[in-house]
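Enquirer: Sharing a structure here in structure tokens format.
Computed from the coordinates by the stated procedures, all read-outs in this text should not be read as laboratory data. This one's a predicted model, so the numbers in the text were calculated from it and none came from an experiment. Positions of Cβ are generated from backbone atoms using ideal geometry, with glycine treated the same way; all protein chains shown enter the neighbour counts.
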């Protein structure tokens, strides 16, 4: 959790960019991302130069800054004057950033035009706690929460508490350490929320009681999970090869990659890539990742839009002949999974009950060719202020057999369902996870309850309709009314009382 003092620092930094003429929230985050990355490059150079701090001890040291590039480091320019600083950073520093920053920094450019704004931003970022713990990740999440508009392709930031619930649901059945050998993918990763949440889940799971570092007090208290139960090879896999993401929005790609780096992923080996995963080029460019590659796939793909049919890979249109992205993504998720792999995806309600041939084909494939595990209905305001669309979470495994499907009706998520999204006490999300862990198709049969199982035969009979309202039993409270004669008698009494009052008023005139 970000502390009040740190939140105030970020707000002041945000205001500096706003008053300096950069008002687009994505642009603000992007520019702050560049500066944070420049600082972290310098810190990593300092650490790697010391053998006892080196991330790859025993290997020859090859610095990110050569002998003639030492003047491009954060510590070298952070105290310069405005004009000198802006010329250095816009030119040689950013040229160096593009060289060493990998795929997601190749088009990086400094948008800051005012030297005074750059000096102020550099000094503020120099004071932020980015060197350890979860603070740097929480700080970045707080900046991401300032994104309050959806993108033109229907993409927007998924609320962090929704993401964490979905991650906990998909990992709830894991009792051993196999989750540390997995590969996890989000094919429309945006800011990387699902991938970061998986890393957070695993770090918490594999941290002992003594490995938890608690700092601060009261509302400012926060816990750092050190992952002290991780073996060296497990930690390496966690930070370099467990998490994979793709996106076709360059800005989102850059922010997502930096988000992962701030949460502990190795920036030397970024596993987020620029790619439209629905297109023909995906299997060609990433043949080892585009099919049968992942143990867990998590996604909140764009809710609207259609694609040029000629650019959609034929393995997707074989599942459903359509150009609707929300249906094509479900087909993509099935292709990405290994046999037996699990998926959780947020879909608009139309996917659950749409009557077109493509809608029915996608649902049929989930029920007849795979194991559809759950449909978790979310309240329609959960994505405000971005969108008010009604959604649900589909959980399924590739292959296997569907016998029963678990439904849950989420009415509240701990926040008001209007544009303000203020905290409220009502929250079904902890109950979703609690009931999921003890679910039983033999006993959870009351369709008037929040959670219940529906047999496959009932779903097939409804043309594979997966909308919760199709199966939920609504219990109406019986209202008792007086017999008509009693009601008429009461009306007569009222009428006589009214007549008496009118007569009394008339006599007063």
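Enquirer: Using only the Cα atoms of the stretch 419-468, what semi-axes does the equivalent ellipsoid have when each is the square root of 5 times a gyration tensor eigenvalue? Give whole Å, largest first.
Expert: Working: eigenvalues 148, 54, 13 Å².
Calculated on Cα positions only, the semi-axes equal 27, 16, 8 Å.
Enquirer: Hey, another quick one. What is the angle, in °, between the Cα long axis of helix 135-144 and the longest principal axis of the Cα atoms in the chain? Nearest 10 is fine, range 0 to 90.
Expert: It is inclined by approximately 60 degrees.
Enquirer: Continuing with the same structure: Quickly estimate the mean residue ellipticity at 222 nm for the chain, helices only: each DSSP H run with n ≥ 4 gives -39500 (n - 2.57), and the total goes over all residues, rounded to 500.
Expert: About -12000 deg cm²/dmol.
Enquirer: So for 389, 184, fewest C-beta neighbours within 10 Å to most, what's the order? Walk me through the numbers on the way to the answer.
Expert: On the way: 389 18, 184 25.
Fewest-to-most ranking of 389, 184: 389, 184.
Enquirer: Here's something else I'd like to know. I want the antiparallel fraction of DSSP beta bridges within the stretch 239-345, as a percent rounded to 5.
Expert: 20
Enquirer: Quick one: helix 484-508 against the long Cα principal axis of the chain, what's the angle to the nearest 10°, folded into 0 to 90?
Expert: The angle comes out near 90 degrees.
Enquirer: Mind checking the angle between helix 250-262 and the chain's longest principal axis? C-alpha axes, 0 to 90 degrees, to the nearest 10.
Expert: 80
Enquirer: Still on this structure, I have one more. How would you order 443-450, 36-43 from highest to lowest mean count of nearby Cβ atoms within 10 Å? Write down the numbers at each step before the final one.
Expert: Working: 443-450: 13.5, 36-43: 19.8.
Descending mean neighbour count gives 36-43, 443-450.
Enquirer: If packing is taken as the average number of other Cβ atoms within 10 Å across a peptide's residues, how do 320-330, 395-405, 499-509 rank, most packed first? Could the numbers behind the result be given before it?
Expert: Details: 320-330: 21.5, 395-405: 18.4, 499-509: 8.5.
My ranking of the peptides, most packed first, is 320-330, 395-405, 499-509.
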